[in-house]
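Novice: Next up is a structure, given as structure tokens.
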Amino acid sequence: MVYETGNTTVDDAVDRVLAGEQLDRTDGLALMAQPVDVLAQAGATVRDAFGDGTVDACSIVNAKAGNCAEDCGFCAQSVHFDTGIDTYDFLGPEKILEAAKRAERDGAQRFGIVVAEKGVSKEHRPEEWEEVLESIRLVRDECELEVDASLGILTAEEARILADEGINHYNHNIETSPRYFPEIVNTHSFEDRVQTLKTAKEAGMDLCAGVILGMGETPTDRVDAAIALQDIGISSLPVNVLNPVEGTPLAERDVQITTEEIIKTVAVYKLLHPNSRVRLTGGREVNLDPDEQHLPLEAGADGLLTGDYLTTEGQSPAEDIEIVERAGLEPNMAVNEFDPVEVKRRNGVGESAEPADESASSAGPEPGDD
Ligand code: SF4
């Protein structure tokens, strides 16, 4: 069905996406200037045409926290900033398995092992590298979950080993546009990040790579980040919204993003990436009111990071299921079949709710982004 809005810019873009054409930067910039309600309908049309009506949920464990030598201006885990977060060494395979089992029970389809640093190094920290591999094997053996990893910069050899171990998605966010990246990070470059994504892809892993909105970037930067991701070729596009952590440089800048800008960006991203899951991730709970959280899903998003983030708490998986249902969509169960009613009951959410069971929440280690 061809989408009709009376807005020729958007109608034309939707028609071309539905016909299999990839939109470009000029299209993205023109779309970003259109009204939010029209874009939201367009994003939903494209999502419905390319997807299966489900929202995919992933969960992460912050397997090693803090003391990162890099200086990403949004990140609580950088050693350059005094943020007061709990720091800890690599959790070890058993604790990671515990977190994976919680995620599985809460309806996650994929589970990401995240290590906060520039890169886990097989050469420089072989014991930690082996522990990461052992953790991947354990989770793959004992859970019905796709296992993803976010271990920072990779060598070609490391990428090949991870692909052979069955890592499904490699996550490495580009954070923002090539132009704005140096305003946020000094210790490594945008190109460093792109190179790791290319290395991971060449080894055979699918890519999960996205952005953080609300860091002071312009709408043009948001489009340019999405175009850079088109060039790389991704299958999951996480959209974080800055949740400023006291002590980080970005918490001291007066930067904000409106609900309308978030929804417009999600919709435009779906038109620019019709075959990728546009995934709502960190910061959505603090930047959107509770009765607004379903709106990006209504505008074309089709993925969620559920549970806690790297250094900030998320809401319960049951609340996320309610948001998915409010948007008229269903949770994805392709990998891990679960009972949404049971998840809500356990978490004390909805009509059949029982008092909340603390152990059922996915409160893992302190949750961020990488
Ligand atoms: S985002 Fe990653 S690389 Fe940057 S400071 Fe945080 S943990 Fe380190």
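Computed from the coordinates by the stated procedures, all read-outs in this text should not be read as laboratory data. Since the structure is predicted, the reported quantities are computational estimates derived from the model, not experimental observations. When we count neighbours, we look across all protein chains shown, and the Cβ atoms used for this are built from the backbone with ideal geometry, even at glycine.
Novice: Pick out, from 331, 248, 200, the residue whose Cα sits farthest towards the positive end of the charge dipole of the chain, with +1 on the Cβ of Lys and Arg and -1 on the Cβ of Asp and Glu.
Specialist: The listed residue farthest towards the positive side: 200.
Novice: Could you give the length gained by full extension between residue 124 and residue 67, i.e. 0.36 nm per residue of separation minus their alpha carbon distance, to one decimal place?
Specialist: Value of the extension gain: 18.9 nm.
Novice: Given 0.36 nm per residue, what is the gain on full extension from residue 246 to residue 8 after removing their alpha carbon distance, in nm?
Specialist: Stretched out fully, the residue 246 to residue 8 stretch lengthens by 81.3 nm.
Novice: Rounded to the nearest 20 Debye, what is the dipole magnitude of the stretch 202-309 about its Cα centre when Lys and Arg each give +1 and Asp and Glu each give -1 at the C-beta?
Specialist: 280 debye
Novice: What Kirkwood Rh does the stretch 204-270 have if only Cα atoms enter the pairwise 1/r average? Answer in Å.
Specialist: Every distinct Cα pair counted, the radius reaches 12.9 Å.
Novice: Then there's this: If you average over every viewing direction, what projected area does the convex hull of the Cα atoms of the stretch 37-98 give, in nm²?
Specialist: Mean orientational projected area (the stretch 37-98, Cα hull): 7.7 nm².
Novice: Now, a different point. What FRET efficiency comes out for residue 164 versus residue 48 if R0 is 22 angstrom and r is the Cβ-Cβ distance? Round to the nearest 0.05. List each step's numbers first, then the result.
Specialist: On the way: r = 36 Å, r/R0 = 1.66.
About 0.05, to the nearest 0.05.
Novice: Here's something else I'd like to know. Each label point is 7 Å from the Cα along the Cα-to-Cβ direction; what then is the distance between the points at residue 192 and residue 253, in nm?
Specialist: Label at residue 192, label at residue 253, 1.8 nm between them.
Novice: State the cysteines of the chain left without a partner when partners are defined as other cysteines whose beta carbon lies under 4.7 Å away.
Specialist: Isolated Cys, the chain: 58, 68, 143, 208.
Novice: Shape verdict for the stretch 176-334, please, from the Cα gyration tensor: rounded (a/c under 1.5), prolate (a/b greater than b/c) or oblate.
Specialist: oblate
Novice: Go from 0 up to the bin containing the longest alpha carbon distance in the chain, width 20 Å each, and give me the % of pairs per bin.
Specialist: Going from the shortest bin to the longest, the percentages are 31, 61, 8, 0.
Novice: Pairs of alpha-carbon atoms within less than 8 angstrom and 6+ residues apart define the contacts here; what relative contact order does the stretch 173-230 have, in percent?
Specialist: Result for the stretch 173-230 is 53 percent.
Novice: With contacts defined as alpha carbon pairs under 8 Å and 6 or more residues apart, what's the relative contact order of the stretch 188-305 in percent?
Specialist: Numbers: 148 pairs, mean separation 30.7, N = 118.
The value is 26 percent.
Novice: For the stretch 1-68, what is the relative contact order in percent, using Cα pairs closer than 8 Å and at least 6 residues apart in sequence?
Specialist: 30 percent
Novice: Hey, another quick one. Please compare each pair in 64/95; 201/270; 201/264; 270/344; 95/201; 118/264 to a cut-off of 23 Å on the Cα-Cα distance and tell me which ones are over it.
Specialist: Beyond 23 Å: 201/264; 270/344; 95/201; 118/264.
Novice: What does the charge add up to near residue 220, with Lys and Arg as +1, Asp and Glu as -1, over the other residues with Cβ less than 15 Å from its Cβ?
Specialist: -3
Novice: When DSSP beta bridges are limited to those with both residues in the chain, what percentage is antiparallel, rounded to the nearest 5?
Specialist: Beta bridges within the chain, antiparallel portion: roughly 5 percent.
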